[in-house]
Amino acid sequence: MIVDAHHHLWDRARHDHRWLDTPGLEAIRRDFTATDLAAAAAGEVRTTVAVQTLNSSAETYDLLAAAAPVGAVVGWVDLISSRCGTRLDELAAAPGGSRLRGLRHLVQDEPDPGWLVRPSVLRGLAAAADRRFAVDLLVRGPQRAAALEATRRLPDASFVIDHAGKPNIGAGEWEPWAAWITAMAALPNVVCKLSGLVTECPPRPWSRSLIEPYARHVLASFGADRVMFGSDWPVCLLQASYAEVLGLTVELLDGASPAERDAVLGGTARRVYRLA
């Protein structure tokens, strides 16, 4: 039972996706629905986790109403707001609200690299933890230090690193990314998504040989029971098809035990996002 722990859906008529106007994103400058997702997964994936793309509660309400194969949603609320807990309760009580299993903010776009450790943000993250919502961390190099500090300050919260912390594979980044992964893996409240790596390869063409060292380091640091597969569809289409991304992940698990393969391809996501 494969679980895709990270994908997106969007409807440009309903929400402002002006980020898609960025040059180079022409291949994904259209709507993507749950029906499109089911066709792309072609029966390989039984359930999925839809992840927000906008800092917008309105988008989250739409994701909660999405059709199968979506089984869980990582949505958005204003973590800085003093009413963050109330907003979370309202989302959970909305139609489809039982599928809300996590939260994410586009931290990579925040000009303040220390945004995650602002007192108001830490208060919002604690409110999410009190309600058993996982917190997805979308960070790049500038925000990694704050991500590490936030996870240390909130040991009772469940954190999920998106896209392995977005190493700049195309530029050959290894350190300080590798040391950061090791430090994050030392914290028992953190897991990591093996996702989004094909789009970190440009300007070089993506390949297994280029991505494998990064995936191996993630797996060695966290262990298979704290790593989960995510397609990052449809963003992955900028470089590779859904089938190619899934196939790459399966290939990277060559030599893994059946239990390890099950963990990465489904078990970890089922546990963290409380999927049936």
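Throughout, read-outs are computed from the coordinates displayed, never taken from laboratory work. Keep in mind that this is a model prediction, so the values were computed, not measured. Glycine gets a Cβ as well: all are built from the backbone with ideal geometry, and neighbour counts include every protein chain shown.
Once R0 is set to 51 Å, what does the formula 1/(1 + (r/R0)^6) return for the Cβ-Cβ distance between residue 82 and residue 209, expressed as a FRET efficiency to the nearest 0.05? So, using R0 = 51 Å, E works out to roughly 0.55. For the pair residue 149 and residue 35, label points projected 7 Å from Cα toward Cβ lie 4.8 nm apart. Charge tally for residue 104 (other residues, Cβ to Cβ under 10 Å; Lys, Arg +1; Asp, Glu -1): -2. If you take the Cα centroid of the range 1-62 and the Cα centroid of the range 111-159, the two points sit 24 Å apart.
Bridge orientation summary for the chain: considering DSSP beta bridges with both residues in this region, about 5 percent are antiparallel. Taking the charge dipole of the range 2-272 about its Cα centre, with +1 at Lys and Arg Cβ atoms and -1 at Asp and Glu Cβ atoms, the residue from 19, 151, 223 reaching farthest to the positive side is 151. Taking packing as the residue-averaged number of other Cβ atoms within 10 angstrom, the listed peptides 53-66, 13-26 run from highest to lowest as 53-66, 13-26. The magnitude of the dipole of the range 2-272, with charges of +1 and -1 set on the Cβ of Lys/Arg and Asp/Glu and taken from the Cα centre, is near 540 debye.
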